[in-house]
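The values are calculated or read from the model by the stated rules, or taken from the named source; none is laboratory data. Remember, predicted model here, so these are calculated numbers, not experimental data. Counting neighbours? That spans all protein chains shown, and the Cβs are built from the backbone with ideal geometry, glycine included. All accessible areas refer to the heavy atoms of the entire protein, side chains included, with ligands and DNA or RNA removed. Shrake-Rupley method; radii C 1.70, N 1.55, O 1.52, S 1.80 Å.
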Amino acid sequence: MAEELPPELRKEAEYERNGQQEERSDSPSRTATPSPRRLPGSRTEERGSREDANRTDQRQNQHQPYTSSYRQAFAAIDLGTNNCRLLIARPSGENFVVIDAFSRVVRLGEGLAQTGRLSEAAMDRALSALQVCADKLRRRNVYLARSVATEACRRAENGPEFIERVREKTGIMLDIISAKEEARLAVLGCHLLLEQGEGPAMIFDIGGGSTELVLVENQHGTIPRIHDWQSVPWGVVSLTETCGDEPEGEIARAERYAKMRGLVRDSLAPFAKRITEHLARSEQSHPLRLLGTSGTVTTLASLHLELPQYDRRAVDGLIVPASAMRDISVRLSGLGPEERRAQPCIGRERSDLVVAGCAILETILDLWPADRLGVADRGIREGILRSLMSAGDAAEKSRAALRQARRNQS
């Protein structure tokens, strides 16, 4: 088979099965019936059964024993350059069960590359989405939450002012995290979907304002050890705006796409040199495994499967040929805006940004060639939840030990 889910997966949480499907304002409605033209070169995955194809599973997680008896809900908010995302979950054995989820395209970083500031319109869009998140937090009686903001707020001159405005309007206290912390949380959230194998692996997250890449080393039964990492200021929004409006004509579009790839390649060059030297010293004989977590990777995987609309259950954990992702990237970069909007799983909200995502992905595949690419529809939010639940479990055990000690003394 050309594609497969990684072996030794375990069921975790299916957003749709819990009736808490994330809002995707950029995706067609489930009731929509038109059948847009398929992207040339895409293909449908062959599976043994539809039930297996639509399953969202998770590898056994032996290092995070979420075994406490309490049933409180935990929440994670990730406010990125392009999206605002919320996940609320409860511990369930060694994993967690999602009870609510929300995602909305807010384009917080729109215009940031030109002005260095968050615009009023962008902040208003983000505030509206965060108000929805705040309402969900209250309704779900969340026990512990962490809310983070990433590249847009890191770069914006008025980022701290916006954070304070969010606190006043919604009660949500956003933490502007470093690029290193962003990379760590992404690894924590999605590393379980790494294709099995020996040697190092590269996990990357193509965001709205930046792209994080992390070289990890496998350690059986534990979270992979981070050997090296890099964040570059090119995400789908920042790269799109830096390269200007999309021109007309295939030649002009090809030149713009080449410029995008050149900018990303130059930024990644020092990191690529370090990784090459490290792999040479370690005499690594196994090919580098790749795992991507981003809207770009999941969208391209959806096109590869020829899904009529986005389905997380079919995409999360998928392993696809890298050549197929390259082919789709090249074809998308050559299409005009209207042709891209007509593709299923892209939609109007993402049609102008997906080209930059393709440029970043292709450049990564140039620098670190691989036969296969893992796809993850999970990342920072899941990493936050695992951290919160682990801390909550440890705190609960400490309280239980203290209660027992007091009983022994009485």
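Brief remarks on what is shown
- Scanning region 161-218 for residues that are open to solvent by 10 Å² or more (accessible area, probe 1.4 Å), in contact with a Pro (Cβ under 9 Å, 6 or more places away or on another chain) and part of a strand (DSSP E or B) returns Ile176, Glu217.
- Scanning region 150-160 for residues that are touching a Phe, Trp or Tyr at 6+ places or on another chain (Cβ under 9 Å) and outside any helix (DSSP H, G or I) yields a count of 1.
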